[in-house]
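Enquirer: One structure coming up, written as structure tokens, with questions to follow.
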Amino acid sequence: MLLVSSVPRALETKTRLFGFELSDLILIFLYLSVSNLLLGQTRLKFPVVWIGTLVIAGILFFIKRNKPEGFLQHWGEHMRAPQTYSAGPPDLYFQPFLTLESDDE
């Protein structure tokens with residue numbers, strides 16, 4: 001008798017919850033908790049805490065749709081990088097492995 005079990009088609013699929021990556025959920029809940037801590041007892045609780053959280057979640061959901069994992073991180077690194085690179089600048093971090101003494105004595 002042959003035993004059959006189901007195997008997921010994509011073994012490398014990253015964990016998502018409600019369509020968000022885990023790092024996105026951490027960001028959303030961090031905003032929710034900090035804004036609730038600071039403005040939870042004021043009249044701004046509903047517009048800033050709840051509407052702001054929904055706006056951030058919506059922006060993340062629609063911007064990251066059909067994008068690879070870590071898209072915003074890589075986009076931010078690209079935007080922070082210099083716009084032009086020089087092919088021949090001096091190497092400021094070069095340290096020779098061996099220092100050769102000159103024979104000029």
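Enquirer: How many of the residues making up the range 1-21 are surrounded by 11 or more Cβ atoms within 10 Å (Cβ to Cβ) and not small (Gly, Ala, Ser)? Working first, answer last.
Expert: Start the filter on the range 1-21 by keeping residues that are surrounded by 11 or more Cβ atoms within 10 Å (Cβ to Cβ), which leaves 16, 19-21.
Next, from what is left, pick out any that are not small (Gly, Ala, Ser): 16, 20-21.
Total satisfying the criteria: 3.
Enquirer: On the given criteria, is Val49 aliphatic (A, V, I, L, M) and not in a helix (DSSP H, G or I)? Lay out the reasoning, then the answer.
Expert: Values: aliphatic (A, V, I, L, M): yes; not in a helix (DSSP H, G or I): no.
For Val49, the condition - aliphatic (A, V, I, L, M) and not in a helix (DSSP H, G or I) - is not met.
Enquirer: Of all residues in the range 36-64, which are charged (D, E, K, R) and within 18 Å of Ile26 (Cα to Cα)?
Expert: Going through the range 36-64, the residues charged (D, E, K, R) turn out to be 43, 45, 64.
If the condition is that a residue be charged (D, E, K, R) and within 18 Å of Ile26 (Cα to Cα), then Lys64 is the only one that fits.
Enquirer: Any residue that is farther than 26 Å from Gly70 by Cα, surrounded by 12 or more Cβ atoms within 10 Å (Cβ to Cβ) and touching a helix residue (DSSP H, G or I) at 6+ places or on another chain (Cβ under 6 Å) - is there at least one of those in the range 35-42? Can you show your working first?
Expert: Of all residues in the range 35-42, those farther than 26 Å from Gly70 by Cα come to 36-42.
This time we only want the ones that are surrounded by 12 or more Cβ atoms within 10 Å (Cβ to Cβ), so: 36, 38-40.
Now narrow it down to the ones that are touching a helix residue (DSSP H, G or I) at 6+ places or on another chain (Cβ under 6 Å): 36, 39.
Yes, there is a match, as at least one residue in the range 35-42 is farther than 26 Å from Gly70 by Cα, surrounded by 12 or more Cβ atoms within 10 Å (Cβ to Cβ) and touching a helix residue (DSSP H, G or I) at 6+ places or on another chain (Cβ under 6 Å).
Enquirer: Moving on to the next point. Could you identify the single residue in Leu25, Leu54 that is at pLDDT 85 or above, surrounded by 10 or more Cβ atoms within 10 Å (Cβ to Cβ) and out of contact with any strand residue (DSSP E or B) (no Cβ under 9 Å at 6 or more places or on another chain)?
Expert: Leu54
Enquirer: Out of all the residues in the range 71-81, is one or more exposed (fewer than 12 other Cβ atoms within 10 Å of the Cβ) and assigned to a loop (DSSP other than H, G, I, E, B)? Please lay out each step first, then the result.
Expert: Quick first cut of the range 71-81, residues exposed (fewer than 12 other Cβ atoms within 10 Å of the Cβ) only: 73, 76-81.
The next check asks that each one be assigned to a loop (DSSP other than H, G, I, E, B); those that pass are 81.
Yes; the residues of the range 71-81 include at least one that is exposed (fewer than 12 other Cβ atoms within 10 Å of the Cβ) and assigned to a loop (DSSP other than H, G, I, E, B).
The values are calculated or read from the model by the stated rules, or taken from the named source; none is laboratory data. A quick note: this is a predicted structure, and the numbers were derived from the prediction, not measured. Note that each Cβ is placed from the backbone with ideal geometry, even for glycine, and that neighbours are counted across all protein chains shown.
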